[in-house]
1. Could you tally the net charge around residue 4, taking each other residue with its Cβ under 13 Å from the Cβ of residue 4, Lys/Arg +1 and Asp/Glu -1?
2. Could you give each residue of the range 151-168 its phi-based ³J(HN,Hα) in whole Hz, using Karplus coefficients 6.51, -1.76, 1.60 with θ = phi - 60°, and x for Gly or Pro?
3. By how many degrees, between 0 and 90 and to the nearest 10, does the Cα long axis of helix 53-63 differ from the longest principal axis of the chain?
4. Between residue 203 and residue 282, what is the label-to-label distance in nm when each label sits 7 Å out along the Cα-to-Cβ direction?
5. Taking only Cα atoms and a 10 Å spring cutoff, compute GNM fluctuations for the chain and point out the largest among 259, 96, 64.
6. With 5 Å bins from zero, work out the P(r) of the chain over every alpha carbon pair and list the percent per bin.
7. Calculate the spin-label point distance for residue 172 paired with residue 109, positioning each point 7 Å from the Cα along the beta-carbon direction, and give it in nanometres.
8. Out of 112, 272, 242, any idea which swings most in a Gaussian network model of the chain, alpha carbons joined below 10 Å?
Amino acid sequence: MTLMQSMKDIIQNKSNDKQFNLVAVKAANDEVMSCIKMMLDAEIGKAILIDDESTLKPLITSYGFTDDQVEIVNIADDSLAAEEAVALVRAGRANGILKGHISTGKLLKAVVNKEKGIVKSPLLSHVAALHVPKLNKIIGITDGGMILTPNKDEMNVIIDHAVEVFHKLGVSTPKVALLSAAETLIPKLSSSVIQDEIAKQNNRTNCIIEGPLSADLSLSPENAKDKHYPGQIQGDADIIVVPDIVTGNSLSKSMLMFGGAQMAGLIIGAQVPIILTSRSSSAAEKFASILLAQIVDA
């Protein structure tokens with residue numbers, strides 16, 4: 001089963017009558033329009049498209065969108081477009097944001113604005129959900145997109161965000177592995193020290209946290225058995241919390257390039273999920289992220 005089919009099944013099984021409205025910021029490009037078309041064809045929501053009307057309208061016509069499917073907001077300036085998207089969220093008219101042809105910095109500046117922003121958490125973090133054929137399940141990797149090198153407090157928030165996403169995906173007690181080079185404390189490795197403290201001090205009842213933990217013990221039941229690892233995570237982690245953005249980014253891309261994985265990704269910590277995929281992301285990956293956003297928002 002593919003990532004998109006898994007998430008479509010989750011959406012269909014949820015009893016939720018809430019209308020999903022996605023606002024796309026600087027939407028006048030084929031990459032955004034292609035994934036919006038996939039969303040509209042799947043009849044899972046409607047779209048608000050923010051950009052210069054003169055460039056949007058020809059694209060809307062060529063993709064065959066109707067007036068009852070999309071709404072145009074005529075704003076060409078990047079910063080003003082981002083501010084309008086945030087205002088639509090604050091007004092309750094949009095429950096997901098899709099980054100189009102706008103810099104991440106300009107979009108997030110509007111999101112985190114102290115007076116008019118939509119942040120609800122101490123920080124924003126990135127949660128990737130990947131379907132890896134060999135594992136035959138969806139696993140989470142965080143944070144490979146926002147926080148460079150999380151300290152202890154930041155890592156705890158990152159964990160909470162990922163657990164929240166996986167609860168929405170139907171995993172009642174996610175197994176969270178704090179990824180390191182080994183399953184034992186390495187005193188000279190600061191991330192290992194942080195992970196050890198988080199695992200020992202964890203009093204959450206909505207998830208299982210173990211760490212520091214190596215990749216093989218996190219993801220390979222055979223290796224966990226061979227190494228006689230005594231923990232509750234036996235190569236079956238649901239969420240991998242990485243020590244830094246380089247590890248998270250590299251792990252996700254390695255699974256995509258060499259493991260045949262499919263990925264969806266969201267920024268969590270605002271009032272609504274934010275879809276902020278990389279420039280190389282396909283329309284299918286963006287659409288998978290839209291599906292994940294709808295699940296998280298439900």
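A short reminder: the numbers here are calculations on the coordinates, not readings from a lab. Values in this document were obtained by computation on a predicted structure and should not be read as measured data. We place every Cβ from the backbone using ideal geometry, glycine too, and count neighbours over all the protein chains shown.
1. On the way: positive: 8, 286; negative: 9, 41, 285.
Net local charge, residue 4 excluded: -1.
2. In residue order, the calculated couplings are 7, 4, 4, 5, 5, 5, 5, 4, 4, 4, 4, 5, 4, 4, 4, 6, 4, 5 Hz.
3. 80 degrees
4. 4.7 nm
5. Of 259, 96, 64, the Gaussian network model singles out 64 as fluctuating most.
6. Over the chain, the share of Cα pairs per 5 Å bin runs 1, 5, 12, 16, 18, 16, 12, 9, 5, 3, 2, 1, 0 percent.
7. For the pair residue 109/residue 172, the computed spacing is 4.7 nm.
8. Result: 112 has the largest fluctuation of those listed.
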